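To keep things clear, I will list the structure first and then write my remarks on it.
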Amino acid sequence: MDLNTLWFILITVLYVGFFVLEGFDFGVGILLPILGKDDKTRRMIINTIGPHWDGNEVWLLTAGGASFAAFPHWYATMFSGFYLPLFLLLVALIIRGVAFEFRSKDENPLWRKTWDWAIFVGSLLPPLLLGVAFANIVKGVPIDANMTYTGGFFNLLNPYALIAGLTSVVIFTVYGGLFLSLKTTGKLHDSAISLIKKAGPVSAAFIIALVIATYLSTDITAQLGINPGMIPVGAALAILAAGAFFNQQRQGWAFTMTAVAISLSVISLFEILFPRVMVSSTSADFSLTIYNASSSPYTLRVMTIVALTLVPFVLIYQGWSYWVFRQRITEKSVLEY
Amino acid sequence: MDALTLARLQFAVTTVYHFFFVPLTLGLSILVAIMETLYVQSGQDVYKQMTKFWGKLFIINFAMGVVTGIVQEFQFGMNWSEYSRYVGDIFGAPLAIEALLAFFLESTFLGVWIFGWDKLSKKVHATAIWLVAISSNLSALWILIANSFMQQPVGYEIINGRAQMNDFFALILNPNIWTQFPHVVSSGLSTAAFFILGISAFHLLRAASNHDMHRRSFQIAAIIGTLAVIGVIMTGHSQAQHMVETQPMKMAAAEALWDTESPAAMSLFTVGNEKERRDVFAIRIPRLLSLLAYNQLNGTVKGINELQEEFTAQYGPGNYVPPVAVSYWSFRLMVGAGMLMLLAAIYALFLTMGEEVGSKSPRLLKFFPYLIALPYLANTTGWLLTELGRAPWVVYGLMKMEDAVSINVGIGALWTTLIGFTLLYGVLMVADLYLLVKYARKNSSKPLSQKSGEAAISLAGD
């Protein structure tokens, strides 16, 4: 395996880490106004992800930094091409991050209400925008011979991209609900469970729609064949397992299986893409690949050493931080946020 | 306005704003870590109160630094895609390493620290804030490694019209970093020290406050502040000398030195005509610039006119002169603020020598809250000089700004994001300042001992 392929895999891993971790805290943020009927409950909801959301978000920033370092043309084409969606993503992440720290530092109800909305919008927009962005990357967007995106903002809002965006919102909402059911007790726990009961079937419908749309809008059959292989099939099985576990009131396993399903879906997406990193709809020759978009072999070698040394430590101490805060949040917990 | 101007304006707005929060994070993380270590070692409750009081302000400021930092990482690709293509091979690496090495550590352990007071042993908890402090400063190191490449490109070769890394160690051992990184770290510490001096002075002048805690805070900040400001000045001096060597045009602009002089005089006050490149009115001290540049009374410092000719000969026709007035006044404001900070820090140190801070001269203590503005002024003007003084280059000698900007981002999109960020940042600044002032004024707890109470009364009546 060459280093270009290894870096394609590493960036896949970073996005998997991001969606698996930040996925549930986006979901928790989306559920804030839905399940948080009073201020105390809202604080409990936010505190379930309090120690973790920032560390989770770094996976996205690292994925961005890693694509800059390993595939600078990918970074340049995607970030200048998906200009306005990325601007909205930045606004969402900014108001969300500030809102977590600011909302409980003042008693004024209007102050708190404002930041709660910021958390909601800031949690809803990123999965929507990232779903739209990734759908477009796989489906293909106008890119010319100089690797420059030649479309506009509305090119990005095609039906396939919108289905992908909405599906990711719905899945992360359920995923966040499962996380809440594991991290809370009493009324909040029960309301999370009853919400998943309603949202679960909706998400199943969206997933089916997304799968069909993927076959219609991307070159998945050319890339993976009619039988897409173990990973996409595994993702589907994991979703079914998650539903089955949930019906048996085993939320821990339902959560784990959802995480597995999300990971395998992200990997499937990158499988369809490989060895391209951005598909050009103008001409297949203009697609960005792990070869024509990459850094020099020297840089890839340096970055490989750095990444393979550091990522294990990140996993260990982030894992440890989840262990430290493993207890459920109750009405008696000390609430920092 | 054209796309280049809009992109530059946006970079200026977002970067100056981001760096409004960063220095305090860098310095205050270290100071809070020191406070908590004092608590762990002494077991005295006052140090716990101190850690919590300053820790709260640290967190409010930290949040703003983090979220505005995300914009920094994204906007190279968004507004400067041609730059990203040209130097991505080199410039992307330190950014990715920063995320992997520092950003993960910082955000994970800050979460652990904020939420872990009753879940971890005292020592592990104090270790968490030390890890935050170390990783914040490590983060600054990797960002400055990236910036240093723009100031002084090293460890690269040009292949197929792109800069490619050929020596990673040359990149991370860039001589520019050895003056820039210590300068930034010590200005972070100075910022935090003046932040504490100002707020503690406010409390020491208020009868109802916790005087014991604020006296000790003032003392720690006075010691660290004095050392840090001396550090800023010394590293700033070596940075200026390095600049004369590597970016003479920046120095000439910072001095409004139109023509080469040997020995060179330093301007104290110049009103110049930038278009015609001449002084309208100037007060200059003979030989001082040579002394600053070379530590001796002789030596040639090149002027703008000669450098412009040299650059034209080397790189072809074009304007190689950075905006002189902004560079000149940024430099003076930065140095002036630094000198005032030195005086104030030494005075603060002198106050802590006595028995009670402020009992000798509470009138002057009243000024410390206002002095918090000084490090902010110096930090901002320092970066204005560093970045604007490099104009027209985005990477010195390699790539001009006009070639770096995204080619497919339209004026409308640029206006949208510029206005969007400016409005958002404006609103957030108001909210942030509101919270900072609210928590800075908060009385963390009542005076612990009778003695503190008496001191308060004597201070108030003085």
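The values are calculated or read from the model by the stated rules, or taken from the named source; none is laboratory data. Bear in mind the structure is a predicted one, so any value in this text is a computation, not a measurement. Using ideal geometry, Cβ is built from the backbone for each residue, glycine included, and neighbour counts are taken over all protein chains shown. What goes into the accessible areas is simple: the full protein's heavy atoms, side chains included, and nothing from ligands, DNA or RNA. Shrake-Rupley method; radii C 1.70, N 1.55, O 1.52, S 1.80 Å.
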How about B:LYS400: which lysines have a C-alpha closer than 24 Å to its C-alpha, ignoring those fewer than 8 places off in the same chain?
B:LYS250, B:LYS275, B:LYS302
Expressed in angstrom and rounded, the centroid-to-centroid distance over alpha carbons for the stretch A:18-33 and the stretch B:100-163 is 25
Residue pairs, from the table A:LYS197/B:LYS56; A:LYS197/B:LYS122; B:LYS119/B:LYS442; A:LYS113/B:LYS122; A:LYS113/B:LYS123, whose Cα atoms sit over 32 Å apart
A:LYS197/B:LYS56; A:LYS197/B:LYS122; A:LYS113/B:LYS122; A:LYS113/B:LYS123
If DNA, RNA and ligands are ignored and the probe is 1.4 Å, what is the ranking of A:ARG43, A:ARG103 by accessible area, most exposed first?
A:ARG43, A:ARG103
Gain on full stretching of the segment that runs from B:ALA325 to B:ILE230 - 0.36 nm per residue minus C-alpha separation
31.5 nm
How much accessible surface does B:SER262 have with a 1.4 Å probe, in Å² rounded to 10?
80
1/(1 + (r/R0)^6) with r = Cβ-Cβ of A:LYS113 and B:LYS123, R0 = 45 Å, i.e. FRET efficiency to nearest 0.05, evaluates to 0.65
With Cα atoms, 0 to 90° folded angle of helix A:251-273 axis to chain A main axis:
20
Once both label points are put 7 Å beyond Cα along the C-beta direction, the B:LEU349-A:ILE226 separation in nm becomes 8.2
If you count only protein heavy atoms and use a 1.4 Å probe, how large is the accessible surface of A:ARG250, to the nearest 10 Å²?
110
Quick check for you: with a 1.4 Å probe and neighbouring chains kept, what is the accessible area per residue of the stretch B:97-150, in Å²?
28
With every protein chain kept in place and a 1.4 Å probe, the stretch A:3-324 has an accessible area per residue in Å² of 36
Over the Cα atoms of the stretch A:64-210, Rg to Rh with Kirkwood Rh, two decimal places?
1.05
Against the longest principal axis of chain A, how steep is helix A:230-247, in degrees 0 to 90 to the nearest 10, with axes from Cα atoms?
10
With every protein chain present, what is the per residue accessible area of the stretch B:365-423 (1.4 Å probe, Å²)?
40
Note to self: C-alpha centroids of the stretch A:107-132 and the stretch B:246-276 sit apart, in Å, by 51
Name the helices (complete DSSP H segments) of chain B with a Cα length along the long axis of 24 Å or more and a Kyte-Doolittle mean of at least 1.6, or state none.
B:324-353
Expected output for the stretch B:38-84, residues with a loss of 50 Å² or more in accessible area relative to the chain alone at probe 1.4 Å, reads B:VAL67, B:ILE70, B:GLU73, B:PHE74, B:MET78
Quick check: at a probe of 1.4 Å, how many percent of the accessible area of the stretch A:123-243 sits on carbon and sulfur atoms?
75
Accessible area, 1.4 Å probe, largest first: how do B:HIS18, B:HIS237 sort?
B:HIS237, B:HIS18
Using the Kirkwood radius built from alpha carbon pairs, what does the Stokes-Einstein equation give as D for the protein assembly as shown at 10 °C and 1.306 mPa s, in µm² per second?
56
Space enclosed by the convex hull of the alpha-carbon atoms of the stretch A:3-324, per residue, Å³
129
Reduced to Cα centres, the span from the stretch B:381-440 to the stretch A:71-92 in Å works out to 17
Beyond 23 Å, how much of the Cα-Cα pair distribution for the stretch A:1-142 remains, as a whole percent?
39
Per-bin percent of Cα-Cα distances, the stretch B:179-232 [10 Å]:
29, 43, 20, 7, 1
Modelling each spin label as a point 7 Å along the Cα-to-Cβ direction, I'd like the A:ALA145/B:ILE159 distance in nm, to one decimal.
2.4
Heavy-atom accessible area order for B:PHE149, A:PHE120, B:PHE350, largest first, 1.4 Å probe:
B:PHE350, A:PHE120, B:PHE149
Surface accessible to a 1.4 Å probe, A:LYS40 within the full protein complex, Å²
80
Would you mind counting up the charge near B:ALA170? Only other residues with Cβ under 15 Å from its Cβ, with Lys and Arg at +1 and Asp and Glu at -1.
-3
Where Lys and Arg each count +1 and Asp and Glu each count -1, what net charge lies around A:HIS52 among other residues with Cβ under 13 Å from its Cβ?
-3
Net charge dipole size for the stretch A:3-324 [Lys, Arg +1 and Asp, Glu -1 on Cβ; Debye, nearest 20]:
660
Rounding to the nearest 10 and keeping the result within 0 to 90°, find how far the Cα-based axis of helix A:39-49 lies from the longest principal axis of chain A.
40
In the B-A interface, the accessible area buried, summed over both sides, Å² (probe 1.4 Å):
6000
Rough spin-label spacing in nm, given labels placed 7 Å along Cα→Cβ, for B:GLN296 and B:GLN44:
5.1
